[in-house]
Structure formats: C-alpha cells, structure tokens
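Taking it in order: structure first as structure tokens, then the write-up.
The values are calculated or read from the model by the stated rules, or taken from the named source; none is laboratory data. As the structure is a computational prediction, the values presented were derived from the model and not from experiment. Glycine also receives a Cβ, built like all others from the backbone with ideal geometry; neighbour counts cover every protein chain displayed.
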Amino acid sequence: MNNGSAFQQIGQATVARIFEISATFPASKLLPDFDPALVRPDPADRSPSDPEGSQLNVSIHSWLVRIGNLTVLIDAGIGNGKRRSSKLFDHLATPWLDRLAAAGARPEDVTHVLLTHLHTDHVGWNTIPGNGGWVPTFPNARTYLPRRGYELFMSLEGRARPNYDMFADSVLPVIAAGRAEFVSPEGGEVLAGFTYLPTPGHSPDHMSILLNSDGQEALFAGDVLHNPVQVTHPDWCSMYCESHEEARRSRQRMLELAADRNIPWFSSHCAETSIGTVSRDGDHFAWTFR
C-alpha cells in the first residue's frame, strides 16, 4: 500500500493524503453481497498473500487541501489514545501529525475542517488531550459537520449508540469551544469552492464534498464506497451502511456525476493511491486508480 502524501493539483488547489492506518477484511464481510463468481478485485487492490482476491484492503486517511489562504482538512481520521470498542481503533499511536507536517501543515495552520459524517474513523483527530480533557487539535479552524449527525447524537437514540464515545470526545469539545458550524441536510457551498452534497445511506448524515477550482473539480465522496469493486457493482453495500436503499441511490448518483463530468474521486477508504477515475463501460462503470 502506498502510504505517502503525493500531491495532486486541482486547479489552484493542492491535495495530499494524510495516511493513518490500513486493514484487511474478508471480501464477504466488508461487502456482504460480494460474489467472487461475478468479479475479482483489481490486482492492485489485492493483498500479496491473497492472489485470489478473497481479502480486500482498506485505508483510513484524511485529505489536506490548500488553496489560496485556506488550509482545509477533509475528515479527521481516528486519532491517538482514544478508548474504542474496536481493537482496530483502540488507543492508537500513529505518526499522523508528523505526516500532516510532512504535507506542509501544522495543526495551527488548518483553517477549516470539513467532516463528511460523524463516524469514529472520520472525527478522531478533531481533539487531543489537554487541560484535563479533550481539546481541539486545530485551534484556529472552523469545523463543519452535518447538522443531522449532531442532532442524532444529541438525541436519546444517539446517546445509546455504541459509537457515542467518538461524539463525546471528538465532536462535543469542538462545539463547546465555539469552533463548529453546522451544514444543513440540503448541503450547499460552505467555503469558496467547497460544496456539500447530500449522500445519505452509509449513515443518515452522510455528505460528500465537491471541490471546484478554476473550473477543475474533485469529489471527496466519503464512505459512498469502500472499495473499487463497488464501482462495477454499485448495488453492493458495505457492512457499515445503515440504509442500503439510500446508499445505493447515493452511490449511483455520485458515480454518474464523476463519470459524466470526468471528476477524480478522492475516496476515504480505497487502498493504493485512494484516488480514482470513474468511466462508463457500457451500462456499467469502471474504476482506474490515478
């Protein structure tokens, strides 16, 4: 897996991936509808010890976008030292902040954090230990988050969810510090060139982000898909999708957008470069890593 932070240029914007961790899942677990008779994963996405493609690699990372006087972090990963029920996420100790610095940004340089949705592996670096509790990692940033996610986790239902801990330690401290902005379910442009697009299904609050700079576009699609095999089979949902029907509609809509406008897809979990081009292949779609 490529763990580097190679830069991509989108108009005047420079984009770098800030890698955190990777994991390997049985294909039939990550994608319950997976049928090996219908498709084999791209060779670039296979584990060397699994040439038949029965295992799928997943990357967890953030995207750093610098354009003009803006330094924007899209999603905030898992974070270090946080107690989590998942062994994969529990009490991590990764050099994520060093990787952020290698990409050219210190925490105090980040002007905005844009969250696609409120899940454990997308919000964790919002906070670090300080003053007896969790405090904002990015002291000068405004953090944008979907209002539906905030309302969900503030409700009795949300407080009973097993992942409420991520909301308590990685979202509420940012809100308490007065650093949060809420994105309406309809989405829209929140910063010059950054537009939220509603893509529910993976979670009720899930949104994708479209970047436009000098007429060039990039799609930060969050968890609309977890693996390129879902481009060929958009009806296959991940084990983490709450509403499969909504997730399929959102995935189809984003695939059409990316293919018809030739927009590079900056994924949250695809391995390798994590960036792909979506094209039409007859009545289907195809993925090519960039």
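Does Leu172 satisfy the condition of being aliphatic (A, V, I, L, M), over 14 Å from the mean Cα position of the chain (by Cα) and modelled with pLDDT of 95 or more? Yes.
In the set Arg66, Arg99, Arg84, only one residue is of a type outside the set (A, V, I, L, M, F, W, C) and in a helix (DSSP H, G or I); that residue is Arg99.
May I ask you to list the residues in segment 185-217 that are among the small types (Gly, Ala, Ser) and either in contact with a helix residue (DSSP H, G or I) (Cβ under 9 Å, 6 or more places away or on another chain) or crowded, with 24+ Cβ neighbours inside 10 Å (or both)?
Initial filter on segment 185-217 (among the small types (Gly, Ala, Ser)): 187-188, 192-193, 201, 203, 208, 213, 215.
Gly201, Ser203, Ser208, listed by residue number.
In the set (1) farther than 22 Å from Cys241 by Cβ; (2) crowded, with 22+ Cβ neighbours inside 10 Å, the condition left unmet by His117 is number (1). When segment 272-288 is limited to residues that are assigned to a loop (DSSP other than H, G, I, E, B) and either surrounded by 14 or more Cβ atoms within 10 Å (Cβ to Cβ) or of a type in the set (Gly, Ala, Ser) (or both), the one that is farthest from the chain's Cα centre (by Cα) turns out to be Gly282. Taken together, the residues in segment 125-166 that are within 19 Å of Ile21 (Cβ to Cβ) and in contact with a Phe, Trp or Tyr (Cβ under 8 Å, 6 or more places away or on another chain) amount to 5.
For beta carbons closer than 6 Å, sequence separation of 6+ or different chains, a first residue in segment 180-198 that is on the phi > 0 side of the Ramachandran plot and a second that is among the aromatic types (Phe, Trp, Tyr), the qualifying pairs are Gly187/Tyr196. Restricting to segment 218-271, and then to whatever is charged (D, E, K, R) and part of a loop (DSSP other than H, G, I, E, B), can you tell me which residue is surrounded by the most Cβ atoms within 10 Å (Cβ to Cβ)? Looking at the filtered set, the residue picked out is Glu242. Contact map, segment 257-283: first residue over 22 Å from His119 (Cβ atoms), second residue in a loop (DSSP other than H, G, I, E, B) and β-branched (Val, Ile, Thr), Cβ cut-off under 9 Å, separation 6 or more or different chains; pairs are Leu257/Ile263; Thr277/Ile263; Val278/Ile263. Of the set (1) part of a loop (DSSP other than H, G, I, E, B); (2) closer than 27 Å to Pro162 by Cα; (3) out of contact with any helix residue (DSSP H, G or I) (no Cβ under 7 Å at 6 or more places or on another chain), all apply to Gly79 but (3).
If you filter segment 130-146 down to residues that are surrounded by fewer than 14 Cβ atoms within 10 Å (Cβ to Cβ) and of a type outside the set (S, T, N, Q), you find that the one that is nearest to His112 (Cα to Cα) is Pro139. Evaluate the following for Asp169: is it surrounded by 19 or more Cβ atoms within 10 Å (Cβ to Cβ), of a type in the set (D, E, K, R) and either under 26 Å from Arg17 (Cβ atoms) or out of contact with any Cys (no Cβ under 9 Å at 6 or more places or on another chain) (or both)? The answer is yes for Asp169. Checked against (1) under 18 Å from the mean Cα position of the chain (by Cα); (2) under 21 Å from Phe7 (Cα atoms), Asp98 passes all but condition (1).
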